[in-house]
2 protein chains.
Amino acid sequence: MTTGPDIRPAITALPNSLIGVVANYGRGRDGLIPLWFGEGDVPTPGFVMDAAYQAMRDGHVFYTWQRGLPELRDALSAYHRRTYGADVGTDRITVTGSGMSAIALSMQSLIDAGDEVVVVSPVWPNVFASIRIMGGVVRQVPLALENGKWTLDPDRLFDACGPRTRMIFVNSPCNPTGWTIGTDDQRRIMEFARERGLWVMADEVYSRLVYDGGLDGSGRAPSFLDVSEPEDKLLVINSFSKNWAMTGWRLGWVVAPAEMGQIYEKMIQFNTSGVPGFVQKAGLAALEQGEPFLEEMVERCRTGRDIVCSALESLPRVRVQRPDAAFYAFFSVEGAGDSLKLAKRIVDEALVGLAPGAAFGDGGEGYLRLCFASSPECLSQAMERLVPLLR
Amino acid sequence: MTTGPDIRPAITALPNSLIGVVANYGRGRDGLIPLWFGEGDVPTPGFVMDAAYQAMRDGHVFYTWQRGLPELRDALSAYHRRTYGADVGTDRITVTGSGMSAIALSMQSLIDAGDEVVVVSPVWPNVFASIRIMGGVVRQVPLALENGKWTLDPDRLFDACGPRTRMIFVNSPCNPTGWTIGTDDQRRIMEFARERGLWVMADEVYSRLVYDGGLDGSGRAPSFLDVSEPEDKLLVINSFSKNWAMTGWRLGWVVAPAEMGQIYEKMIQFNTSGVPGFVQKAGLAALEQGEPFLEEMVERCRTGRDIVCSALESLPRVRVQRPDAAFYAFFSVEGAGDSLKLAKRIVDEALVGLAPGAAFGDGGEGYLRLCFASSPECLSQAMERLVPLLR
């Protein structure tokens, strides 16, 4: 093996995460403020940790149910009823080791070599990789920035669907743009998908992180569950990570047609063989007792958004939209050019870690992503350092 | 979607685990003794749980290193030196969410549609599935039972390798047979693989569970690491599950050529995005303080083996080999026929849960697998129920 590892060409071709490139460049620098990843600086609430430890002591340390503990799946069904007003039966719910894992298992189940997935971009980059690992082809449909607002033209999405298209992927509220799709567009997409026999994968992990009540004041973003039937070819991805500061716990779930249950059962068996029982019990505690924490989290992010966006809006070279959801500022800097270079320069000169827009696919170059889920103090300090550099 | 979920034909074709079929058939029956899965009845040691909880409290609840905490990878390197006398650098070690996950990520990296993997069987069935998910083709080479001992003919293995062969898979000590490959055969296989440019995947998760000191008295089974160079196309799969009663924790590792590091980094990012930091800290505690527990575990399994095998050996219709390693009795029952039917009958009539041999591929039909990692009391009771039925 003198010429590098002998691996699949599709894997060699996978680009390294550009976020990782910047993080590797900057990690360990004294005093650096890291705002490059999709997480804040609040640790998981103590009652969640305590629930995990208690569950270990209670014996949840053996092999467990592939699709998740029955009591967690029941609690997720109740959570959907309570929060989304959606009647999602336990038989439609599968617990996974993160939203990422739910996406990967779904792509393994659905995408054959040459199948195409139409993806609304810019979007967090792991989605592209999960398609390409299976030999699938990504077709990106970038949002347009119209009157300062990120906007999807559904007709462009439909035009991108051809004979090999197998799935439409929509992440809303969107990482990195904060773009949130409305109910009418969701309905049009579901109708189109039904007509064409396509799958829709809806990544809704930020759906509770909405500001000022969300688009319709309901306190959550519109969900594809609002416009679908249980038997629709719809997969809704969700996660405990962002709502309850559980990024490191690797716990998520997927809502799917009931018939997918046996498929996920197998795919989990053959990939991860399930999620630790005590991690699932921690998730159960978060669902049952975590609403006050989530409210605080949303408030913290709203404060963070306002600190960051106010500072950015004061800069003539910067264009930014104050997002209604998710916890990122995605902004462009006039004349800045290459976003990876700029992100590295910001590490060097401002000791702030940002994600380069080029990481997020078509429509992302020229932008930077800043995660504002951190403390007001931390964000204020970051902006004090950034503003002179971006002025 | 009126005709079932519209998924990849390769996934539809994956059989359900026959172990799962029996477990679903028997689960929940009052008084049933479950010996069908590959785990015992001893919970994880308390100091491992405490280490996990302390790590949560110390903040290991955020996104972490894709390839594992540096301190855990260092400790695994030291463990290899201490236990295997192998000089395995940290750069060759990747932490994964179980041995299963290490296998799945490796297959994703290496197996293209149509690639063949030659697998020594009978073997635990998930391996077959991880190949087929990638469109790969399984070629089984069954062990022969010669003079009451499971035996591999390496020439049969080599004859099974053709132009599309990409990998040889060897699980030793073997689940379910307990078969343990010797150093000479390992050397022949490595030489053959080098010559043909093939990958070797060695599943060595039972390598510490050897009885009476193992084949050579070293207290561990021969490892492919003994007969290989760091740059060989060799992947050695390992796990915390069996050694330290951590089946439910989902923590394993893989030793690979250093150049595979960047590949695993990506594949983990795009599949699971890493293992919880606090689970890794628990693994670190197991490595550092877990040798006495492991010694007790081996002693417990040896006692279990002797209880089970003595009872089985007394039965004229039963053929069983007292295994030197792993924690399974794999035995045949004369005239019993279909192993799935027999396993269900044993559930019904003896309230004991066993795995049907047919689950383990070619050479497995006609056998039953019993996991003897449970308490002597539990196993004695199981044998009291089984003996009349198998007499």
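Nothing in this text is a laboratory measurement; each read-out follows from the coordinates by a stated rule. Quantities reported herein were computed from a predicted structural model and do not represent experimental measurements. Here the Cβ positions follow ideal geometry from the backbone for every residue, glycine too, while neighbour counts run over all protein chains shown.
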Using a label position 7 Å from Cα in the Cα→Cβ direction, what is the ascending list of nm distances from B:PRO292 to the same site in the other copies? 4.2
Have a look at A:SER101, A:SER375, A:SER130 and tell me which one the Gaussian network model of chain A (Cα, springs below 10 Å) gives the largest fluctuation. A:SER375
More than 39 angstrom apart: percent of Cα pairs within chain A: 15
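Determine, for B:ARG92, A:ARG250, B:ARG196, A:ARG220, the number of other Cβ atoms within 10 Å of each Cβ, and report the residues in order from fewest to most.
Starting with the residue having the fewest Cβ neighbours, the order is B:ARG196, A:ARG220, B:ARG92, A:ARG250.
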Would you mind ranking A:PHE270, A:PHE331 so that the residue whose beta carbon has the fewest other beta carbons within 10 Å leads the list? A:PHE331, A:PHE270
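Got the relative contact order for the stretch A:59-289 handy, in percent, Cα pairs under 8 Å and 6 or more residues apart?
Dividing the mean separation by the residue count of the stretch A:59-289 yields 29 percent.
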Selection from A:MET260, A:MET100, A:ALA86, by position along the positive dipole direction of the stretch A:59-289 (Cβ): A:MET100
Restricting the count to DSSP beta bridges whose residues both fall in the stretch B:12-167, what percent are antiparallel, rounded to a multiple of 5? 25
Separation of the stretch B:19-81 and the stretch A:190-205 by C-alpha centroid, Å? 37
What is the antiparallel percent of DSSP beta bridges lying wholly in the protein assembly as shown, to the nearest 5? 50
Quick one, could you list the DSSP H helices from chain A stretching 24 Å or more along their long axis (Cα atoms) with average Kyte-Doolittle hydropathy of -1.0 or above? A:291-313
For the stretch B:1-125, what is the largest minus smallest coordinate of the Cα atoms on each principal axis, given in angstrom and ordered from greatest to least? 50, 46, 35
Once phi is turned into ³J(HN,Hα) by the Karplus curve 6.51 cos²θ - 1.76 cosθ + 1.60 with θ = phi - 60°, what whole-Hz value does each residue of the stretch A:154-166 show in order, with x for glycine and proline? x, 5, 5, 4, 5, 4, 6, 8, x, x, 8, 5, 10
Would you tell me the mean number of C-beta atoms belonging to other protein chains that fall within 10 Å of each C-beta in B:32-44, as a whole number? 2
Karplus couplings for the stretch B:223-233 from phi (6.51 cos²θ - 1.76 cosθ + 1.60, θ = phi - 60°), rounded to Hz, Gly and Pro as x? 10, 4, 5, 5, 10, 10, 9, x, 8, 4, 7
What is the magnitude of the charge dipole of the stretch A:59-289 about its Cα centre, with +1 placed on the Cβ of each Lys and Arg, -1 on the Cβ of each Asp and Glu, and no other charges, expressed in debye to the nearest 20? 620
Taking every residue in A:239-250, how many Cβ atoms of other protein chains lie within 10 Å of its Cβ, on average? 4
If you put a point 7 Å past Cα along the Cβ direction, how far is that point for B:GLU195 from the same point in each other copy, in nm, smallest first? 6.2
Cut-off under 5 Å, modelled amide H: who pairs with A:SER172 long-range: A:ASP203
Built amide H within the under 5 Å cut-off of A:TYR63, gap 5+: B:GLY248
Counting only residues 5 or more places away or on other chains, whose amide H sits under 5 Å from the amide H of B:GLY136 once H atoms are built in the peptide plane? B:GLY114
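Sum -39500 (n - 2.57) across every DSSP H segment of at least 4 residues in chain B, then divide by the residue count to get the 222 nm mean residue ellipticity, nearest 500.
Taken over chain B, the calculation gives -12000 deg cm²/dmol.
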Residues B:LYS233, A:LYS242 arranged by fewest to most Cβ contacts within 10 Å: B:LYS233, A:LYS242
Please report, to one decimal in angstroms, the Kirkwood hydrodynamic radius of the protein assembly as shown built from all distinct Cα-Cα pairs. 27.2
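Do you know the relative contact order of chain A, to the nearest whole percent, from alpha carbon pairs under 8 angstrom that are 6+ apart?
That works out to 25 percent.
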Of the candidates A:PRO292, A:PRO323, A:PRO154, which one comes out as most mobile in a Gaussian network treatment of chain A with C-alpha springs shorter than 10 Å? A:PRO292
By DSSP, what percent of the beta bridges with both residues in chain A are antiparallel, rounded to the nearest 5? 50
Distance in whole Å from the B-onto-A rotation axis to the closest C-beta of chain B, together with the residue it belongs to, please. B:TYR53, 2
For a bin width of 5 Å, list the pair-distance distribution of the stretch A:59-289 built from all Cα-Cα distances, rounded to whole %. 1, 7, 15, 20, 21, 17, 11, 6, 2, 1, 0, 0
From the label point of B:ASP348, set 7 Å along Cα to the beta carbon, how far off in nm is each other copy's matching point, shortest first? 7.6
Roughly how big is chain A's charge dipole about its Cα centre, with Cβ charges of +1 (Lys, Arg) and -1 (Asp, Glu), in debye to the nearest 20? 820
Using Cα centres only, tell me the gap between the stretch A:82-143 and the stretch A:335-369 in whole Å. 26
Counting only other chains, and only Cβ atoms inside 10 Å, what mean value do you get across the residues of A:6-17? 5
Pick out which of A:SER223, A:SER241, A:SER109 has the largest mean-square fluctuation in a Gaussian network model of chain A, springs linking Cα atoms closer than 10 Å. A:SER109
How are the C-alpha pair distances of the stretch A:217-357 spread across 10 Å bins, as whole percents from the shortest bin up? 9, 26, 29, 24, 12, 1
Set the bar at 23 Å for Cα to Cα. Now go through A:LYS344/B:LYS266; A:LYS266/B:LYS344; B:LYS149/B:LYS344; A:LYS281/B:LYS281; A:LYS281/B:LYS266 and name every pair that lies beyond it. B:LYS149/B:LYS344; A:LYS281/B:LYS266
